[in-house]
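Structure first, then comments.
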Amino acid sequence: MERFKLIATAILALLGVIIILQNTEPVETKLLFLSITMPRAILLMGTTLIGFALGVLVSFFFKRKDQPPKSA
């Protein structure tokens, strides 16, 4: 099982490097009144990290809500 995790992690890291190398051209992103120019790979990583963080927060909220209160 440990070997599988290592191989899966290596494959995902390799895919990440490939995506970054293929998406280096700058793109303009508009957010409300702000316009930012950045490489597409950075934009992809940023949106992925934001989605991951929101998923963790939502799961934490629901997990905490489902737990019964502690009684002393």
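The values are calculated or read from the model by the stated rules, or taken from the named source; none is laboratory data. Because the structure is predicted, anything quoted here is derived from the model rather than measured. Positions of Cβ are generated from backbone atoms using ideal geometry, with glycine treated the same way; all protein chains shown enter the neighbour counts.
Here is how the numbers come out for the structure above:
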read-out: Condition met for S35 (outside any helix (DSSP H, G or I) and modelled with pLDDT under 90); value: no
read-out: Some residue of the stretch 12-20 being small (G, A, S) and touching a residue at least 12 places away in the same chain (Cβ under 8 Å); value: no
